[in-house]
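J.: Below you will find the structure I want to go over with you.
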Amino acid sequence: MSMFEETPSKSPFRSGYVAIIGQPNVGKSTLLNTLLGQKIAITTRKPQTTRNRILGVYTSSSAQVVFLDTPGIHSPRDRLGQYMVETALKTLEEVDQVLLVVEPKLPDQAEEGIIERLARCTIPCILVVNKTDRLPRDKLLPLLEAYMGMKIFREVVPVSALKGTNVDRLVEILVENMPEGPMYYPEDVVTDRMERFMASELIREAVMEQTGDELPYSIAVDVEEFSERESGAVYIRGIIYVERESQKGIIIGKGGRALKRIGTKARLQIGRMLAATVYLDLRVKRREGWRQDDDSLRGFGYT
């Protein structure tokens, strides 16, 4: 190399925060899990599964993207719902980019309201059309063109979060639009959530899947004890709270069989997360009207 030739400059490290927003059940948590390559947010077929803001960290040799998965934006019916919507909207004040996740259809009235709010923001917004594996290509292209015609999205990206289709391209776009910045978290950190919180979420996921459509929004989970034994096994004692006495019977089931199935599923999921043997002790208690009670919401970590 000649002394007059410049040595190639190293690409700058890029980093920033990205909010994942959208209506309930559009696949935000599934997208986050796929982006990170592991499960940190629970997913079910039920809307409003995510109640807290979940932070997930994607790190490569050249960039770090800190994702904030938010509760679905909906019309709240109680204090819990208000907290969830406030959490989602407040996140817009703290990020460098926004991912609006939608299903492969034109926006309904509620989504139009979200888009109007984003149009008033100065934050770059990328539209993610999820579940595109459900739509034929001849119907997908006109839909993408309609969204691009709105002029407020920096990019419109079709993906299938469940299958991982086009998710790599989404990451490339995010990194390209990130400012130069530091590594906010150590490269081996994937989330800031404690294992105790993750355990309570996996128990709640197991309850929601076991109980179908009967009481998914009336339950809360409190992990009262989370301790490691000398053998390396982890002991967890959790309380599943419901609002009415009749709901206890649904969770416990005849002869305790439903609760046993919940415990088995949750124990296996928590064991995979911790890479340890887990002993899980679950009880069911009633706390009437907890979704409207600020003290209860604080106790469960929702305010």
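Quick note: the coordinates plus some simple rules give every number you see, no bench work behind them. All values derive from a computational prediction rather than experimental measurement. When we count neighbours, we look across all protein chains shown, and the Cβ atoms used for this are built from the backbone with ideal geometry, even at glycine.
J.: What ranking of Lys254, Lys39, Lys248 emerges when the number of other C-beta atoms within 10 Å of each C-beta is taken as an exposure proxy, fewest first?
T.: Lys254, Lys248, Lys39
J.: What's the FRET efficiency of Ser227 with Arg117 using the Cβ-Cβ distance as r and R₀ = 45 Å, to the nearest 0.05?
T.: Here the calculated transfer efficiency is 0.50.
J.: Right, something else. Determine, for each peptide in 288-301, 180-193, 14-27, the mean count of other beta carbons within 10 angstrom over its residues, then list the peptides with the highest first.
T.: Output ranking for 288-301, 180-193, 14-27: 14-27, 288-301, 180-193.
J.: OK, next. Any lysines with Cα under 26 Å of the Lys260 Cα? List them, leaving off those in the same chain fewer than 8 positions away.
T.: Lys39, Lys46, Lys248, Lys285
J.: I've got another one for you. Would you calculate, for the chain, the mean residue ellipticity at 222 nm contributed by helices, counting each DSSP H stretch of 4 or more residues as -39,500 (n - 2.57) and dividing by all residues, to the nearest 500?
T.: After summing the helix terms and dividing by residue count, I get -10500 deg cm²/dmol.
J.: For Val171 and Leu106 in one chain, what is 0.36 nm times their gap in residues minus the Cα-Cα distance, to one decimal in nm?
T.: 21.0 nm is the gain from fully extending Val171 to Leu106.
J.: For labels at Glu195 and Arg257 in the simple 7 Å Cα→Cβ model, what's the distance in nm?
T.: Spacing of the two 7 Å Cα→Cβ label points: 3.4 nm.
J.: Give me the distance between the Cα centres of the stretch 263-291 and the stretch 204-261, rounded to whole Å.
T.: Here the answer is 6 Å between Cα centres.
J.: Test of understanding: extend the Cα→C-beta vector of Thr277 to 7 Å, then name every residue of the stretch 197-238 with backbone N under 16 Å from that spot.
T.: 227-236
J.: For Met148 and Ser246, calculate 0.36 nm times their separation in residues minus their Cα-Cα distance, and state this gained length in nm to one decimal.
T.: That works out to 30.3 nm of additional length.
J.: What is the sum of charges, Lys and Arg at +1 and Asp and Glu at -1, for the other residues whose Cβ falls under 12 Å from the Cβ of Ile114?
T.: Charge balance in the 12 Å sphere: -2.
J.: Counting other beta carbons within 10 Å of each residue's own, what order do Tyr147, Tyr279 fall into, fewest first?
T.: With the fewest neighbours first, Tyr147, Tyr279 line up as Tyr279, Tyr147.
J.: In addition: Run the reach check for Lys139 against lysines, Cα to Cα strictly under 25 Å, same-chain hits fewer than 8 apart removed. What comes back?
T.: Lys28, Lys105, Lys131, Lys151, Lys163
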